[in-house]
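Each remark here refers to the structure printed beneath this line.
The values are calculated or read from the model by the stated rules, or taken from the named source; none is laboratory data. What you see is a predicted model, and the numbers here were worked out from it, not measured in a lab. Backbone-built Cβ (ideal geometry, glycine too); neighbour counts: all protein chains shown.
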Amino acid sequence: MAVSRFAYVKSYELPDPILPNVYVVFRLDGHGFHRFSDIHWFAKPNDERALELMDRAARDVMDAYPDIVLGFGESDEFSFLLRRSCTLYSRRQSKILSTLTSHFTSCYVFHWPTYFPETPLAYPPSFDGRLVVYPTQTEVRDYFSWRQSDTHVNNLYNTVFWALVQQGGMSTTEAHEKLRGTVSSAKNEILFTEFGINYNKLPTRFRKGSTLVREEEVVAPLPTETMIREPSTNLNDDELPPAVPEVEADTSVQGLDPVGQPTESV
Ligand code: ATP
Ligand code: ATP
Ligand code: MG
Ligand code: MG
Ligand code: MG
Ligand code: MG
């Protein structure tokens, strides 16, 4: 085909390759889900259907993109780890980011009626996405610890907050005021003494988020499949999928810091 005189504009599209040989984390987050969850009557503090729908969309993304070896989700966000050797779309940043974000969003909308049969979508939800590269397993491990610690801090706060509002009859302003500056132990105490709730007995999905791990089939060349696992307390050494350790064995890498005692300032 003859090249038109307009084709020069293509040269303004600059290459945007991701550095070779680094781990890539892709995180997406629901846009304006505070409002979205209100309008669609999400149960507070945790709507299990909404969390399951997030997990379902994440699982579909992992099934469509074999380069993703690990997923972690909480609230309206999901993080995915791409293997270091990933050559997806020649590692073009905008192509990877836009395609994965779009695919997740489509899956979320596609499966919505299964999880919310009584609640039609009032408007189309959207997600923002970002890619972050990490040089070693230490940062990758700390990244997922960071997100899981965030899950814990937010969930503890939200659980007490909604107990004060829904069972304690407080206004949202009063509940925020009561919780201002409180540490974890004080929140646990309020939950237990005022509402008889043992925080540690709440579902692990709420307290620890969802972890999806790609497990390689032992018998090649069958395709790999994505498993949804009960999240464990920490992402231990053996939680990293087999595809990840492409670096030389680094025996100095320690297990994750305990996620149970995050700082209140996170
Ligand atoms: P932004 O567009 O900046 O991300 P946002 O309104 O989505 O803004 P987030 O910080 O991402 O704010 O928080 C998401 C909010 O969505 C939570 O605070 C909570 O109110 C709501 N939410 C998400 N998932 C659930 C769920 N499973 N159950 C109940 N509420 C949820
Ligand atoms: P990529 O994922 O690289 O974009 P692609 O298969 O989407 O690959 P494109 O170059 O974007 O390839 O071309 C889109 C193709 O989709 C067209 O070549 C055509 O075959 C088909 N297509 C798109 N829109 C229409 C339409 N309205 N009617 C018929 N065919 C269409
Ligand atoms: Mg956000
Ligand atoms: Mg959000
Ligand atoms: Mg969020
Ligand atoms: Mg196309």
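Which residue pairs have Cβ atoms under 7 Å apart, sit 6 or more places apart or on different chains, and have a first residue in the stretch 23-43 that is among the basic types (Lys, Arg) and a second that is near ligand 1 (Cβ under 9 Å from one of its atoms)?
Every condition considered, the pairs that remain are Arg27/Glu77.
Out of the helices (runs of 4 or more DSSP H) lying entirely within the stretch 162-222, which hold 2 or more residues that are over 30 Å from Tyr65 (Cβ atoms)?
172-179, 184-195
If I filter the stretch 6-29 down to residues being under 21 Å from the mean Cα position of the chain (by Cα) and away from ligand 5 (no atom under 16 Å from the Cβ), which single residue comes out as nearest to Leu131 (Cα to Cα)?
Within the stretch 6-29, the first condition is being under 21 Å from the mean Cα position of the chain (by Cα), and the residues that meet it are 22-29.
Subsequent filtering for residues that are away from ligand 5 (no atom under 16 Å from the Cβ) retains 22-24.
Values: Val22: 12, Tyr23: 10, Val24: 7 Å.
Checking each candidate, the answer is Val24.
Just a yes or no: is a residue in the stretch 35-47 within 16 Å of ligand 3 (Cβ to nearest atom), among the charged types (D, E, K, R) and in a strand (DSSP E or B)?
No, because not a single residue in the stretch 35-47 is within 16 Å of ligand 3 (Cβ to nearest atom), among the charged types (D, E, K, R) and in a strand (DSSP E or B).
In the stretch 62-108, which residue that is away from ligand 4 (no atom under 16 Å from the Cβ), in a helix (DSSP H, G or I) and of a type in the set (S, T, N, Q) is farthest from Val140 (Cα to Cα)?
Only one residue tops the list, namely Ser106.
So, Tyr108, is that one modelled with pLDDT of 95 or more and under 20 Å from Leu53 (Cα atoms) or not?
yes
Have a look at Asp55, Asp38, Asp67 and point out the one that is under 30 Å from His152 (Cβ atoms), surrounded by 15 or more Cβ atoms within 10 Å (Cβ to Cβ) and within 16 Å of ligand 1 (Cβ to nearest atom).
When all the criteria are applied, what remains is Asp55.
State yes or no: is Arg56 among the basic types (Lys, Arg) and outside any loop (DSSP other than H, G, I, E, B)? Don't jump to the end; show me each part of the working.
Working: among the basic types (Lys, Arg): yes; outside any loop (DSSP other than H, G, I, E, B): yes.
For Arg56, the condition - among the basic types (Lys, Arg) and outside any loop (DSSP other than H, G, I, E, B) - is met.
In the stretch 109-129, what residues are outside any loop (DSSP other than H, G, I, E, B), in contact with a helix residue (DSSP H, G or I) (Cβ under 7 Å, 6 or more places away or on another chain) and closer than 30 Å to Leu19 by Cα?
Correct list: Phe127, Gly129.
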